[in-house]
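I have placed the structure first, in the form of structure tokens, so that the comments after it can refer back to it.
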Amino acid sequence: MRRLPLLPTLIVALAIAAMVALGIWQIRRAHWKDGLLASYRASRNAPDLYGVPPGADPDAIAFRHAHVLCRVTTKETLLGGTDASGRTGFRTIVGCALIDGRVIMADLGWRAIDARPVLPAVGTRIEGRGLLIPDEVLARRVLGKTAGAVPLLLVLDGGVQGLSPSVPPSIETIPNNHISYAVQWFLFAGVALVIYALALYRRSMPNRRR
């Protein structure tokens, strides 16, 4: 019986171990995501905040309502969205500086595609109640490298003058796909093991004359 080839076997073993480790990591991420979504659901019934607590983890106050006073710091960024009746249009997002200098984002409201409302200028004071949503990707787009930027979006319950209220993101639409990713990694590891086992079997077969 031939000995196992050392280098190929080592490479395959390391690859399989890495895929299994990634699968286990995805399972842990799935449990973490379940806990995060559970905390979001609990926040919906929490008392309103007055302002954004300094130093608060955005995930810890996500999906809580807050009464906020801030001043517009950027021109609007338009995102596709719908209003309460399901019409397609644009959500209007701006940077908004809190009294202590931190800067969050504010969803001022929804507008139809062909609408051209007069929007609050930079420096305008915005005061209202809204839902706090963490969004690091949007923060990079709207706030960039602004000093004191906090990746939180305040979706106002009532749009500013000329805009309708935007429909805020729903917890139910936040995916938790980590288990399916884990299954994929375990399948990749299993397929790699089977392919290498077949290769070793063919290698161990005596040469046949044709």
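Tabulated data for the structure shown
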{"item": "Dipole axis of the stretch 1-65 (+1 Lys, Arg; -1 Asp, Glu on Cβ), positive-most option in THR9, TYR50, SER39", "result": "THR9"}
{"item": "When the convex hull of its Cα atoms is projected in every direction, mean area for the stretch 50-173 (nm²)", "result": "7.1"}
{"item": "Karplus 3J(HN,Hα) series, Hz, for the stretch 60-70 with 6.51 cos²θ - 1.76 cosθ + 1.60 (x for Gly, Pro)", "result": "6, 10, 5, 6, 9, 7, 9, 9, 10, 10, 8"}
{"item": "For the stretch 143-192: Kirkwood Rh in Å [reciprocal of mean 1/r, alpha carbons]", "result": "15.5"}
{"item": "Alpha-carbon radius of gyration plus Dmax, which is the widest Cα pair, for the chain in Å", "result": "26.0, 88"}
{"item": "About the Cα centre, charge dipole magnitude for the chain (Lys/Arg +1, Asp/Glu -1 at Cβ), debye", "result": "1680"}
{"item": "3J(HN,Hα) from dihedral phi, the stretch 118-124, Karplus parametrisation 6.51/-1.76/1.60, rounded to Hz, x for glycine, proline", "result": "7, 9, x, 6, 4, x, 5"}
{"item": "Neighbour cut-off at most 15 other Cβ (10 Å), DSSP loop, trypsin sites (Lys or Arg not before Pro), the stretch 1-97", "result": "ARG2, ARG3, ARG44, LYS75, ARG87"}
{"item": "Total charge dipole magnitude, the stretch 50-173, about the Cα centre, Cβ charges on Lys, Arg, Asp, Glu only, Debye to nearest 20", "result": "400"}
{"item": "Tilt relative to the chain, helix 6-43 - C-alpha long axis, 0 to 90 degrees, to 10", "result": "30"}
{"item": "Nearest-ten-degree value, helix 178-204 long axis tilted from longest Cα axis of the chain", "result": "20"}
{"item": "In sequence order, calculated HN-Hα J values of the stretch 80-92 (Karplus, 6.51, -1.76, 1.60; Hz; x Gly/Pro)", "result": "x, x, 10, 9, 4, 8, x, 6, 7, x, 10, 8, 10"}
{"item": "Simple label model, 7 Å out from Cα along Cβ direction - ILE113 to ARG87, nm", "result": "1.3"}
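Read-outs throughout are calculated quantities, based only on the coordinates presented, and are distinct from any laboratory measurement. Given the structure is predicted, the values throughout are model-derived calculations rather than measurements. No Cβ is skipped: glycine too gets one built from the backbone with ideal geometry, and neighbour counts run over all protein chains shown.
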